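Structure, as structure tokens:
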Amino acid sequence: MLAHQLELLSPARTADIGIEAVNHGADAVYIGGPGFGARASADNPVSDIARLVKHAHRFHSRIFVTINTILRDDELEPARKLVRQLYDAGVDALIVQDMALLALDLPPIQLHASTQCDIRTPAKARFLQDAGMSQLVLARELTLDQIAHIRDGLTTPHPTTGTVPAQAAILEFFVHGALCVAYSGQCNISHAHTGRSANRGDCSQACRLPYQVLDAQGRFVAHDKHVLSMKDNNQSANLAALVEAGIRSFKIEGRYKDMGYVKNITAHYRLLLDELLEQRPELARASSGRCTYTFTPDPNQNFNREFTDYFVQGRQDDIGAFDSPKNPGQPIGWVTRVSQGLGHGKDFFELETTSPDTVLHNGDGLCYHDLQQELIGLQTNRVERLPPAQPGNTTQRWRVFPKDPLASLKDLRKGRTINRNRSMDWVRTLEKPSATRRIAVWMALTDPAPDTLQLNLTDENGVVASATAALGLQTAKDAGQSAKLTEQLARLGDTAFEALDVALHLSQPWFVPASTLNALRREAVQALEAARQKACTRLPRARPAEPPTPYPEDSLSFLGNVYNHTAHDFYARHGVKVIAATYEANEEAGEVSLMVTKHCVRFSLSLCPKQAKGVTGVQGTVKAEPLMLVNGSDTLTLRFDCKPCEMHVVGKARPHILASTAESPLRFYRARPSH
């Protein structure tokens, strides 16, 4: 990928979803291989990935495979062998977290630093670039100014070594999807409570649980609130600003998501980026082909917890989905009547829609908030359209027979606002073929020698191919023969190409049988496909800086996620003196920071001392004292570091987790060597 190109990077749970991501406009797709990916149940065999690679490379789209867990010593050799298989399958790059992979004997495949590497500072980004990473997935919590500072730091002489990079790494940023409340790679709550490690691809999502929030005196501040649950990321309005700040790869979250999500969100950002590229001719797409869709993309149609642009434009008040981690949907109307007691399957309620364009379908998912603001969901079993309440009324009235007993739907009553969070019409639309992607091609038919025709093709990337046919040419008697030739040549059918122009450079109007012309076109298209495949070259592997660039710090706590001796030695070569084993080694028995996050519960609950500054009668009385989170038998302490404006969630591992035998005993320095 070149510095002036913009890349839309889509997720794929399976190869088939990845193929549709490409068809809907992805410049690159990231997918899990058979193991070592940070989504434990999103693995794919190498043969499926090879099939995805073949399809993607037709459009010069790229395939990245995630090997972004931390690895035990006994996993390094299997990981190395897997990388070789992926390289042989044509994979373009690996997304990695464990620094051991930089020290293994790998094929010359490009390496990208996962968001699990916790890239928040110019120093960390520059180190990873100098270590051999070609693309850096930045932390989601960064502001535009912080991103710009990281961009600038990649191209200046290194402050310690004076090294000037040959080429700056590409900056990648998540623009859509679920948000992890912690800095990625800096959360160990799941392992502490369940033994399931987020750094090993098996997070139990403690951040989506409800908690009681208590102050330092034990008083309730909030009751059963999901105070660690974030809304979903949506940077649709910030793409131009992110480009200005230096982002070149725009990443959609969602390797657990279904086909409909990937189709819809990929198409949404494809249209936005294409519009941006129209305004910025100095920039270019990272792959080939234009997409047309059978639907209008709409992010609101997919599961979401409502949207936020998080910290890109600075700290915001409304980043949390504190009432529920579920999908609240979009409001469509209100209840006008509830009728129950009629018998099984006969109870119903009626609603009136806000818009006359709203149409309900059997199987739609509806929801509403009860009196305690809990989200109650229901599925329609059957719906009936009712006549307008009054002549000339443009709103629609519907009778809904829910799948569940009406008596189980708490607080469903007249006047209650109803949302829809699943439209069966939308689902069925995206279950069908919903996009075509075509590469622009210019066609020219010539007669370079007697009784010879040649068809020359040039695609939008400048790749050329041709095919030649020898036949006895006869002068056309039909005056419209030229138009027929042009029309016949342009019929590219279900190939990957569409004709932008067909030129006839003939010495005279020849009669050419349709069968001959079709065969000539097929041969030329096959030649162009082969030429494009040849032109789709490997992404180059970045060379590490020599001598090795020092790590920004000379010590690493358990938050450095070092789980094998090869990674330990890597950091030691880069000047780190003290290296603790990762939390998964079960060496941290006491209370530690199980999560580090930019999200601040005090701020979200309007208890931040900075918010109270200047407020008469309040200034000085609000302090950043710890808060407690309680869920069942689990208690976590929230401590607030106001200088960097960060929150630490403090706790300790459950006894049975510590008692379990570490999978691979580690013997790292926990104090500075005496020599």
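The values are calculated or read from the model by the stated rules, or taken from the named source; none is laboratory data. Values in this document were obtained by computation on a predicted structure and should not be read as measured data. Here Cβ is always computed from backbone atoms with ideal geometry, including for glycine, and neighbour counts include all displayed protein chains. Quick note on the areas: whole protein, heavy atoms, side chains included, nothing else; ligands and nucleic acids left out. Shrake-Rupley method; radii C 1.70, N 1.55, O 1.52, S 1.80 Å.
Approximating the spin labels as points 7 Å out from Cα along Cα→Cβ, the residue 161-to-residue 591 distance works out to 4.1 nm. Over what distance in Å are the Cα centres of the range 474-496 and the range 111-177 separated? The range 474-496 and the range 111-177 have Cα centres separated by 53 Å. Computing FRET efficiency as 1/(1 + (r/R0)^6) for residue 514 and residue 535, where r is the C-beta to C-beta distance and R0 is 35 Å, gives about 0.70.
Round to a whole number: what % of the accessible area of the range 1-97 belongs to carbon and sulfur, probe 1.4 Å? Carbon and sulfur: 49 percent of the exposed surface of the range 1-97. Taking the empirical scaling 2.2 N^0.38 Å for compact globular proteins as reference, the range 281-421 has a Cα radius of gyration ratio of 1.33. Projecting the Cα atoms of 524, 572, 599 onto the charge dipole of the range 511-615, computed from C-beta unit charges around the Cα centre, puts 524 farthest toward the positive end. Within the accessible surface of the range 109-185, defined with a 1.4 Å probe on protein heavy atoms only, the carbon and sulfur portion equals 55 percent. Surface calculation, 1.4 Å probe, protein heavy atoms: residue 203 sits at approximately 60 Å² accessible. Can you work out the PRE-style zone for residue 280? Point 7 Å along Cα to Cβ, and I want the residues of the range 132-154 with backbone N under 20 Å. Taking a point 7 Å out along Cα→Cβ of residue 280, the residues of the range 132-154 whose backbone N falls under 20 Å are 135-154.
What a 1.4 Å probe finds exposed on the range 523-592 is 52% carbon and sulfur by accessible area, rounded to a whole percent.
Would you give the gap between the C-alpha center of the range 18-69 and the C-alpha center of the range 394-419, rounded to a whole Å? What the calculation gives is 42 Å, centre to centre. Net length available on complete extension from residue 88 to residue 237 is 49.7 nm, with 0.36 nm assigned per residue and the Cα-Cα distance removed. Given the pairs 225/598; 263/403; 598/623; 124/577; 251/598; 225/326, which are separated by over 22 angstrom at their Cα positions? Correct reply: 263/403.
If a spin label sat at a point 7 angstrom from the Cα of residue 656 along the line to its beta carbon, the backbone N atoms of the range 196-213 nearer than 13 Å would be those of 196. Magnitude of the Cβ-charge dipole of the chain, K/R +1 and D/E -1, about the Cα centre, nearest 20 debye? That gives the chain a dipole magnitude of about 820 debye. Cross-link partners of residue 432 among aspartates and glutamates, defined as those whose alpha carbon lies under 19 angstrom from its own and excluding same-chain residues fewer than eight positions apart: 16, 20, 258, 298, 364, 494. Solvent-accessible area of residue 118, all protein chains in place: 20 Å² (probe radius 1.4 Å, heavy atoms, ligands and nucleic acids excluded). Modelled spin-label separation between residue 452 and residue 546, with each label point placed 7 Å from Cα along the Cα-to-Cβ direction: 5.1 nm.
Taking 7 Å steps out from each Cα toward its Cβ at residue 340 and residue 403 produces label points 1.9 nm apart.
Across the options 338, 304, 361, the greatest Cα extent toward the positive end of the charge dipole of the range 287-398 (unit charges at beta carbon of Lys, Arg, Asp, Glu) belongs to 361.
Once the Cβ-Cβ distance of residue 474 and residue 298 is raised to the sixth power relative to R0 = 45 Å, the FRET efficiency obtained is 0.20.
Taking all protein chains as they are arranged and a probe of 1.4 Å, the heavy atoms of residue 261 leave approximately 10 Å² accessible to solvent. Over every Cα atom in the range 231-295, the radius of gyration and the widest Cα-Cα span, Dmax, amount to 12.7, 35 Å. A straight line joining the Cα centroids of the range 282-302 and the range 539-582 runs 39 Å. Each DSSP beta bridge with both residues in the chain is either parallel or antiparallel, and the antiparallel ones are about 60%. Values of log10 I(q)/I(0) for the chain across q = 0.06, 0.11 Å⁻¹ run -0.43, -1.20, by the Debye formula with one identical scatterer at each alpha carbon and no solvent. Here the Karplus curve 6.51 cos²θ - 1.76 cosθ + 1.60, taken at θ = phi - 60°, turns the phi angles of the range 339-347 into couplings of 10, 10, x, 8, x, 4, x, 9, 5 Hz, with x standing for Gly and Pro. Averaged per residue, the chain has 43 square angstrom of accessible surface, using a 1.4 angstrom probe with ligands and nucleic acids left out.
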